[in-house]
1. Length gain on complete extension for the stretch C169 to E310, per 0.36 nm per residue less the alpha carbon to alpha carbon distance?
2. I need the peptides 73-84, 359-370 ranked by packing, meaning the mean over residues of other C-beta atoms within 10 angstrom, with the highest value on top.
3. How long is the gain from D20 to R403 if the chain were fully straight, where each residue apart is worth 0.36 nm and the alpha carbon distance is subtracted?
4. Ranked highest first by the average count of other Cβ atoms within 10 Å around their residues, in what order do 297-303, 324-330 fall?
5. Which stretch or stretches of the stretch 151-178 have amide N atoms under 19 Å from the point lying 7 Å from K372's Cα along the Cα→Cβ direction?
6. Between R141 and K198, what length in nm is gained on full extension when 0.36 nm per residue of separation is reduced by their alpha carbon distance?
7. Listed here are the pairs K287/K372; K91/K405; K265/K370; K225/K251; K82/K367; K367/K405; which of them are more than 28 Å apart at the Cα?
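Derivation of every value follows stated rules applied to the coordinates shown; laboratory data play no part. For clarity, every value in this text was computed on a predicted model and none was experimentally measured. Ideal geometry is used to build each Cβ from the backbone, glycine not excepted, and the neighbour counts take in all protein chains shown.
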Amino acid sequence: MEDEYAKFIRRMNPPRVVIDNDACEEATLIQVDSMKKHGILLEVVQVLTDLNLLITKAYISSDGGWFMDVFNVTDQDGNKLKDEGVISYIKMTLEANDCFLPSLRDTVGVMPSEDHTSIELTGTDRPGLLSEICSVLADLRCNVVNAEIWTHNARAAAVVHVTDQYTGCAIEDAKQLSTIKELLCYVLKGNNDIRTAKMMVAAPGVTHRERRLHQMMFDDRDYDKGNMVRMRRAGDNKLIPEVTLLDCVEKDYTVVTMRSKDRPKLLFDTLCTLTDMQYVVFHGTVKTSRMEAYQEYYIRHIDGLPISSEAERQRVSQCLEAAIERRVSEGLELELCTEDRVGLLSDITRIFRENSLCIKRAEISTKGGKAKDTFFVTDVSGNAVDPKLVDSICHQIGVTVLRVKRNSTLCPKSPPETTGFFFGNLFKARTFQNFRLIRSYS
């Protein structure tokens, strides 16, 4: 009855979206008003980030039963949104009641499809791991059509979409699926996996890969700092995000502030973690500059209570830090564009492995018979790749096929740190003593 009542209320109060290109000189303003429910903020941000839009500022307010957000967004070139098709899609999608239907953590983003088989993998990261996985799949007559691979804190996670080499459709043969699972689990375990490697063939469906990767790495406890200190090099301290937790005693909130290097989809990544940890953002603000991003959220647990234990404060801090770091683009960005064929990914990753390149992150896609893959690579020690070696690999694969897209080691240095701020005007707190500093984990 409660669920039916909630649906009735939503139908009586459908979401309203206003897109304004005149209110701000530098960005398009998108205002979303709707009934409040858990996860709604993440759903809105997911729609925007899936269009590769950049959120430069955000103002969040969801006290009571109503949700109101304002986002300043641009395209990837920093321009306002001019494409009427994109504007109409945003408005239509966000105003559709289906976008705001309740969703459980284990079923987020899953829709029926029979185009491919989705394989989810987690295990210990090591040089050559992706090459071994691709080799096994090629030997088992599996064609990789789409995939995304993340590595963080000595852990690796991947969502791989494969089809049968001969039929071009999802794999349905139970014996073949069992063999795939057995061999991939063997590859993932390696020689010294102190944690359990996991491999799952998901039910036929289209999964939001990035959303699922966050959940997989969270479940795999990649936020555990046991190995993190020795993995970081001395010169990397400037990249470590700063996460601070405070208590807002007067209003019964926990205030989370995050300061880190800015990058695309950063807001989506942090909101994924807060949502999966069952926290609700009641108020917040996001500001980005040329290199730095500042996020501030007033949160409570879904049960209505702020964070009360020291252990949970530390866990939230570590999980948010991990969410920020997972998608950091380490090393050299290589882009592969060529005609797709069975075994292509296996051949490319084998060449990388034979030349001692370590793949830190990868995005694999095919469309219309064309393969477009992006790899972020370092040497086996995590250092920058020798330019001569890169040139040699490009000539080996084909200079028109593989090219260097970006080198993060040559990025400009961050500007001086700017001063953060609290969302204090909203609450009109009498004194700063209303906030009790707990501690900063970094």
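1. 45.8 nm
2. 359-370, 73-84
3. 134.0 nm
4. On the way: 297-303: 17.7, 324-330: 20.0.
My ranking of the peptides, most packed first, is 324-330, 297-303.
5. Those under the cut-off are 161.
6. Additional length available on full extension: 18.4 nm.
7. In this structure, K287/K372; K91/K405; K225/K251 exceed 28 Å between Cα atoms.
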